[in-house]
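Some notes on the structure that comes next.
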Amino acid sequence: MGSMALLDAMRYQFGPPLMVALVTAGVQLLAVVGGGGLTNSWSVVGSVQAWTLVSALCLWALLSLWIPGKVFVGPHPPHGGAAPTYRANGFQFFVVSLLLCILGLFLQPTFALQVYTIFPEILAACNVTALSFCTYLLIIGKWWPQTKEELTARPLVYEFYRGMEIHPRILGVDVKQLTNCRFGLLAWQLLVVIFFVAGGIKNGWSVAHFVCVALQTIYLAKFYWWETGYFNTLDITLDRAGYYICWGCIVFVPGFYTFTSYYLVAHPPVISDSGAVLCFILGILAIGLNYRIDWEKEYFRHNNGKCFIWNRPAKFIKATYLTYDKKQKTSYLLTSGFWGISRHLNYVFELMLTLSWSLPGLGLGFGPFLYFIFLTILLIHRIFRDEEKCKAKYGKYWVQYCEAVPYRLIPGIF
Ligand SMILES: NC(=O)C1=CN([C@@H]2O[C@H](COP(=O)(O)OP(=O)(O)OC[C@H]3O[C@@H](n4cnc5c(N)ncnc54)[C@H](OP(=O)(O)O)[C@@H]3O)[C@@H](O)[C@H]2O)C=CC1
Ligand SMILES: CC(C)CCC[C@@H](C)[C@H]1CC[C@H]2C3=CC=C4C[C@@H](O)CC[C@]4(C)[C@H]3CC[C@]12C
């Protein structure tokens with residue numbers, strides 16, 4: 001077998017089933033092990049209590065998208081068709097949900113310990129929901145697609161893994177806004193607050209655990225503030241609704257992105273309060289820089305390059321590209337400010353902020369740093385995926401941009 005054929009077989013035939021099996025089982029196992037013996041449920045179908053919580057969150061997420069309100073129109077899909085529409089009420093949804101959760105925990109603090117104890121069962125319920133939902137998306141997308149798009153047929157497991165449609169809708173709402181923004185990220189937020197309270201009841205209140213949760217809360221508040229900006233990213237414009245994104249947000253985000261906070265319940269932090277305060281300062285700085293760099297790009301694009309970045313006229317490359325229907329369009333690639341330092345400096349700040357909320361677990365082994373390690377791999381992979389997309393879109397202009405900003409992540413290194 002030639003090396004190209006081997007690569008294709010890995011990508012389309014052997015890779016996806018291996019990935020689905022390993023990651024699905026892995027995240028479930030981690031929830032059992034990470035509980036340090038306190039949570040030791042091996043249930044793979046969930047329990048009545050777990051199903052009640054997961055169903056309530058699904059309904060709440062759906063409700064937030066059914067409520068009439070401002071509509072945001074996303075970018076046109078690359079293959080043509082109508083532009084997707086979203087509900088622009090993310091921040092209100094976040095604030096109301098968080099306040100209700102805090103009020104609930106104030107009235108019934110032991111609920112936190114119950115959720116913590118049945119966390120593996122909750123994940124099992126999420127897993128059953130997500131795997132069934134991805135199967136539904138595969139069937140609908142393959143045999144009754146909502147848009148006309150010519151797709152090369154691939155092995156079924158690969159199609160399940162990748163997904164079929166970019167912007168499918170269900171019950172009147174956009175699937176990825178539902179799974180990513182309204183279910184996954186809210187579950188992440190609520191769980192870390194719940195784990196903090198569970199840790200407080202079990203081990204006594206900890207400044208380090210508080211810092212870990214406070215930083216994630218600020219980060220997620222920032223996400224919801226910017227939710228409509230997320231509709232321009234790879235996850236929404238390029239990735240299809242399938243296992244990678246939808247299962248990822250229904251199971252992997254609640255199960256793995258929350259892991260540091262979960263781990264700190266079974267393994268109370270050992271760093272000093274002043275060490276925790278340093279983590280907080282580092283985290284706030286990284287969140288600020290991450291926000292600023294995303295903002296610079298949005299502001300620059302909004303003004304079509306006619307603006308000031310760092311008090312100087314923005315420098316950029318004017319790039320033309322062809323749309324699916326062969327229409328010529330113009331886009332601008334910023335080469336000054338943060339975007340002139342490296343092509344994905346936003347990921348450096350993303351990793352820095354992740355590290356800052358993992359550091360409260362310093363001295364407790366690898367557990368608290370698992371998310372940071374995973375994210376480093378995910379972001380490096382994402383750099384290559386994003387650049388492949390940009391090279392195909394902008395051609396010689398992308399090459400010019402890479403010459404003007406030669407490094408991907410860290411200037412002088414990579
Ligand atoms: N915690 C997590 O799991 C993850 C978090 N993130 C975070 O999400 C946010 C969004 O990141 P991500 O979705 O990866 O996308 P980016 O914000 O890095 O945007 C990439 C896109 O921006 C455009 N672009 C690239 N370079 C320039 C430039 N110099 N000037 C103008 N436009 C440019 C291109 O799109 P176009 O086609 O429009 O030209 C490119 O595809 C970041 O804050 C990131 O840190 C991201 C991934 C994972
Ligand atoms: C199958 C799994 C091994 C991989 C699943 C990956 C997905 C769950 C994640 C891939 C990209 C992630 C995200 C991208 C950008 C984001 C913006 C940020 O501000 C908040 C987090 C997030 C929405 C993040 C969420 C998880 C992914 C979709």
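Express the relative contact order of the chain as a whole percentage, based on alpha carbon pairs under 8 Å and six or more residues apart in sequence.
18
Enter the Cα centre distance for the pair region 74-124 and region 171-192, rounded to the nearest angstrom.
Here the answer is 5 Å between Cα centres.
Using a Cα-Cα cut-off of under 20 Å, which lysines could be cross-linked to LYS142, ignoring same-chain neighbours fewer than 8 residues away?
Leaving aside lysines fewer than 8 places away in the same chain, those within reach of LYS142 are LYS176.
Under 24 Å between alpha carbons, and skipping anything fewer than 8 positions from LYS326 in its own chain: which lysines qualify?
LYS148, LYS318, LYS389, LYS391, LYS393, LYS396
Mind telling me which of LEU185, LEU22, LEU62 comes out most flexible in a GNM of the chain, alpha-carbon contacts under 10 Å?
In this elastic network of the chain, the residue with the biggest mean-square fluctuation among LEU185, LEU22, LEU62 is LEU22.
So what's region 1-135 giving for Rg/Rh, alpha carbon basis, Kirkwood Rh from the mean inverse pair distance?
Reported Rg/Rh (Cα atoms, Kirkwood Rh): 1.09.
Given 0.36 nm per residue, what is the gain on full extension from ALA392 to ASN311 after removing their alpha carbon distance, in nm?
This chain segment gains 25.9 nm when fully extended.
Under a GNM of the chain (C-alpha, springs under 10 Å), which listed residue has the highest mean-square fluctuation: ALA124, ALA392, ALA88?
Highest fluctuation of the listed residues: ALA392.
About its Cα centre, how strong a charge dipole does region 305-383 have in debye, to the nearest 20, once Lys and Arg get +1 and Asp and Glu get -1 at the Cβ?
Using only the charged Cβ atoms, the result is roughly 600 debye.
Full extension from HIS79 to VAL96: what is 0.36 nm times the residue separation minus their Cα-Cα distance, to one decimal in nm?
Gain on stretching HIS79 to VAL96: 2.4 nm.
Mind computing the radius of gyration and Dmax over the alpha-carbon atoms of the chain? Å is fine for both.
21.8, 64
Dipole of region 271-414, Cα-centred, from +1 at each Lys and Arg C-beta and -1 at each Asp and Glu C-beta, to the nearest 20 debye?
900
Sequence gap at least 6, Cα distance under 8 Å: using those rules, report the relative contact order of region 271-414 to the nearest whole percent. Spell out each step's value before the answer.
Details: 169 pairs, mean separation 41.2, N = 144.
Computed over region 271-414, the figure is 29 percent.
Of all DSSP beta bridges in the chain, what percent run antiparallel (nearest 5)?
100
Go through 166-179, 394-407 and give me the packing order, highest mean Cβ count within 10 Å leading.
166-179, 394-407
With 10 angstrom as the radius, rank LYS202, LYS297 by how many other C-beta atoms surround their C-beta, starting from the fewest.
LYS202, LYS297
Based solely on its DSSP helices, what 222 nm [θ] is calculated for the chain when runs of n ≥ 4 H residues each add -39,500 (n - 2.57) and the sum is averaged over all residues, nearest 500 deg cm²/dmol?
Per the formula, -18500 deg cm²/dmol.
For region 251-268 and region 139-163, what is the centre-to-centre distance using only Cα atoms, to the nearest Å?
Comparing the Cα centres of region 251-268 and region 139-163, I get a distance of 33 Å.
Read-outs throughout are calculated quantities, based only on the coordinates presented, and are distinct from any laboratory measurement. Keep in mind the model is a prediction, meaning the values are calculated, not measured. Heads up, the Cβs are rebuilt from the backbone with ideal geometry, glycines too, and the neighbour counts pull from every protein chain shown.
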